[in-house]
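Reviewing the structure listed below.
Every read-out reported here was derived from the displayed coordinates using simple, explicitly stated rules and does not represent laboratory data. Every value quoted in this text rests on a predicted model; they were computed, and no experiment measured them. A quick note on method: Cβ atoms are made from the backbone with ideal geometry, for glycine too, and the neighbour counts reach across all protein chains shown.
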């Protein structure tokens, strides 16, 4: 059993990560301004309300708990949901303060959440990658403050790794569009529509290049990552996504309709292939997602979608 401190534990992703580590028998501390919901899966979790922009307060809570591992999820999580300068300053300083406090207090394993948006898709001025599927070698081209703040968080990780040597192990992960468990049952997604609507209208998923991941699969990934951090190269970055695309039709058919000029690039995205590769996490960590919209979606209005997906 280990002690795991998770920032942003009350968020859409955080709740599943907290629940996953608690279920595995770890001592879990959730740092968030909001309280955890009343849920038996979260019983026994210690909650701390801390302003992560207050470096001294972060250091104090880290020193009080001295966790074996820190998972940093807290952030302004939606692009353009605040002024651009606020998003950049806030997310950058959150990452720095958490890394600084964890490192100075001797935490052995520190992980930060990044984002696939660092690659720059959705740029209104146009964007095309060198190739599909997208992976950790794809050149980042952030075009908004949120994406830039996540890329900076990765650089903050690398800075601490360079300064600390092997004393502390660091990693970053880029979770695809997170689906929380209740959203499979019809609860609204982050954009306000349901998953059934997102599948029925490809235009809703196209801005994210049809990527997604179940929050519980992310929790499973993080458990495997923490277990293996001592045996892999320090300061690694991983994409974490589902093994298929959030789309009924193959992406080689859909992508050119929404990403002009991608016909040749997307030609290999046949069948259920996603635009984002998780091969690195599979090969280095041995992690593979267990959930798909084809198996998890329980919305009563999805019978037609299931039939179409089976064709």
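What angle, in degrees between 0 and 90 and rounded to the nearest 10, separates the Cα long axis of helix 14-23 from the longest principal axis of the Cα atoms of the chain?
With rounding to tens, the tilt is 70 degrees.
Can you order the peptides 212-219, 237-244 by their average number of other Cβ atoms within 10 Å per residue, highest first?
Final packing ranking: 212-219, 237-244.
In angstroms, what radius of gyration and Dmax does region 166-219 have, counting Cα atoms only?
Rg and Dmax of region 166-219, Cα atoms, are 14.2, 49 Å.
Hey, what's the per residue convex hull volume over the C-alpha atoms of region 93-218, in cubic angstrom?
Spread over its residues, the Cα hull of region 93-218 gives 134 Å³ apiece.
Using the alpha-carbon atoms, what tilt in degrees (0 to 90, nearest 10) does helix 84-104 show relative to the longest principal axis of the chain?
For 84-104 against the chain, the angle is about 50 degrees.
Could you pull the Cα extents of region 60-99 along its three principal axes, largest to smallest, in whole Å?
Principal extents (Cα only, largest first): 35, 15, 12 Å.
Rounded to the nearest 0.05, what FRET efficiency do residue 64 and residue 288 have when you use their Cβ-Cβ distance and R0 = 45 Å?
Result of the calculation: an efficiency of 0.75.
Test of understanding: what is the full-extension gain from residue 167 to residue 35, defined as 0.36 nm times their sequence separation minus their Cα-Cα distance?
Values: separation 132, 0.36 × 132 = 47.52 nm, distance 3.31 nm.
Between residue 167 and residue 35, full extension yields an extra 44.2 nm.
Give me the log10 of I(q) over I(0) for region 1-72 at q = 0.14, 0.19, 0.21 Å⁻¹, as the Debye formula computes it from C-alpha points; what are the numbers?
Here the Debye-derived log intensity ratios amount to -0.36, -0.67, -0.82.
Against the 2.2 N^0.38 Å scaling, with N counting residues, where does region 169-269 land? I'd like the Cα-based Rg ratio to two decimal places. The partial results should precede the final answer.
Working: Rg = 15.8 Å, N = 101, 2.2 N^0.38 = 12.7 Å.
With N residues counted in region 169-269, Rg over 2.2 N^0.38 Å equals 1.25.
Return the calculated 222 nm mean residue ellipticity for the chain, to the nearest 500 deg cm²/dmol, obtained by summing -39500 (n - 2.57) across DSSP H runs with n ≥ 4 and dividing by the residue count. Intermediate results must be reported in sequence, preceding the final value.
Numbers: 10 runs with 106 residues, N = 311.
Per the formula, -10000 deg cm²/dmol.
Once you have all Cα-Cα distances for region 42-133, histogram them in 10 Å bins from zero and send the whole-percent values.
14, 39, 28, 14, 6
Output the 0 to 90 degree angle, nearest 10, between the alpha-carbon long axis of helix 55-65 and the longest principal axis computed from the alpha carbons of the chain.
80 degrees
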